[in-house]
Amino acid sequence: MTVRARYRLVALTVAAAVLGGCGRGSAHAPAPSSLPALSPAQLAGQRVIYSYQGLTPPAGLLDLIRHGEAAGVIFFGGNIASTAQIAGVISELDRANASPGNPLRALPLLLMTDQEGGAVRRLPGAPLLSEKQIGASADPRAEATNAGTGAGQTLAGVGMNVNLAPVLDVYRAPGDFDDQFGRSYSGDPGMVSALGADFITAQQAAGVAATAKHFPGLGAASSAQNTDEQPVTLYVSRDDLRSIDERPFQAAITSGVKLVMMSWAVYPALDPRWPAGLSPAIIGGELRQRLGFAGVTITDALEAGALQAFGTTGQRATLAARAGMDLILCSGQDLDEGEQARLALQDGLRSGTLNRAAFTAAVQRIVSLRSSLRS
């Protein structure tokens, strides 16, 4: 059997398991943890990932954490001078999280970064190979496993517990959006499915949650179609989205992936109006119902250029939460961005704009994730 044929066989096996409801990401997902009494401010804060600029976390962020009004923090290269420095910062955040004023102090914060491999690494160290290099290697399955183990060890070594990786986009043409940066394993969905699953399994075995991105897939995006910078519409048929782009996510769910990040592109075949991360049809219909994902959903960057038509930070956060997103990723390296999102979610909960039962269910999924990451 050829290497490519083996990947197709793996992908078919994965798809059958998902469709049969046997994936660990669906039928075997852990029951959400019960919630302590939380104020509206705390409930809202448990859905926000904050960011900041520079090497020192601002006093305001520490105060939010002490009062149970933050789910976690994302770190960028500008936050990291060395592994010792960022480990010290994380210890400071952990001490704030242990404050008696935090009703969720027994649970770790979600402390995350992008450690995809290759050029996209915020921390020094593994994984050194990009996804493209892994896919083209002599033994891709072994290299994907090594990369997942390496990523997990690198993050866990400084106290982080969530990696916003792997990218599961199936690129279409050499030099396109994913391929130009080496961020796709292959143009073969079977190969992407197998390698992504290997990375996820190895990384999570190292104690670091994996994030499959960018659902339902950015593989069809051209080199100029960057959702960080501008609105993007991908005219891919429903059949191709499901048979090509979503197949690696089926594999990820079967492998027990803990988070899925949504794309900010618009997919007219699934929803002609809303970007995926604002679309109930894609979040609830494709990901939750069709693929059976029961874990935590996380937005891509809330400040992305793709959302320029969707209002303020607070309006975007409310739209995302209403559509079914769990975590709101405020990655503009500005504490105020996260605060605007939190206050909007708090107001939506109080006013009834955001359904209380759905809101609480999202927080329960996040708390369950945090509980699973206890050291």
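Bear in mind that the values in this text are calculations on the coordinates, not laboratory data. All figures in this text were calculated on a predicted structure; none of them were measured in a lab. Positions of Cβ are backbone-derived with ideal geometry, glycine not excepted, and every protein chain shown enters the neighbour counts.
A few comments on the model shown:
- Between Gln308 and Ala84, the simple label model (points 7 Å from Cα in the Cβ direction) yields a spacing of 4.5 nm.
- A full extension of the chain between Leu35 and Ser223 corresponds to an added length of 63.3 nm, given 0.36 nm per residue minus the alpha carbon distance.
- What the phi angles of the stretch 79-92 give under the Karplus curve with 6.51, -1.76 and 1.60, with θ = phi - 60°, is a coupling list of 8, 10, 9, 6, 5, 5, 5, 6, 5, x, 4, 5, 4, 5 Hz, glycine and proline written as x.
- For the stretch 61-77, 3J(HN,Hα) computed residue by residue from phi via the Karplus equation (6.51, -1.76, 1.60; θ = phi - 60°) reads 5, 4, 5, 4, 5, 4, 9, x, 10, 8, 7, x, 9, 9, 10, 10, x Hz, glycine and proline entered as x.
- Relative contact order %, the stretch 245-375, counting alpha carbon pairs below 8 Å whose residues are six or more apart: 22 percent
- Rounded to 5, the percent of DSSP beta bridges in the chain classed as antiparallel: 15 percent
- Computed extension gain for Ala98 through Ala136, at 0.36 nm per residue and net of the alpha carbon distance, reaches 9.2 nm.
- Residues considered: Val192, Val260, Val232. Largest GNM mean-square fluctuation over the chain, using C-alpha springs under 10 Å, is found at Val232.
- Point-to-point label distance, Ser91-Leu55, nm (Cα→Cβ direction, 7 Å offset): 1.6 nm
- Taking amide H as placed 1.01 Å from N in the peptide plane, the amide H of Thr113 sits under 5 Å from that of Phe75, Val162, Leu164, each at least 5 places away or on another chain.
- Under 5 Å, built H, 5+ apart or other chain: amide partners of Ser222: Phe177
- Scalar couplings 3J(HN,Hα) for the stretch 143-150, obtained by applying the Karplus form with A = 6.51, B = -1.76, C = 1.60 to θ = phi - 60°, are 5, 5, 5, 4, 5, x, 4, x Hz; x denotes Gly and Pro.
- The chain, relative contact order in percent, only Cα pairs under 8 angstrom and at least six apart counted: 21 percent
- Within a Gaussian network of the chain (alpha carbon springs, distance under 10 Å), most fluctuating of Gly196, Gly332, Gly78: Gly78
- GNM result for the chain, Cα springs below 10 Å: residue of Gly311, Gly352, Gly285 fluctuating most strongly: Gly352
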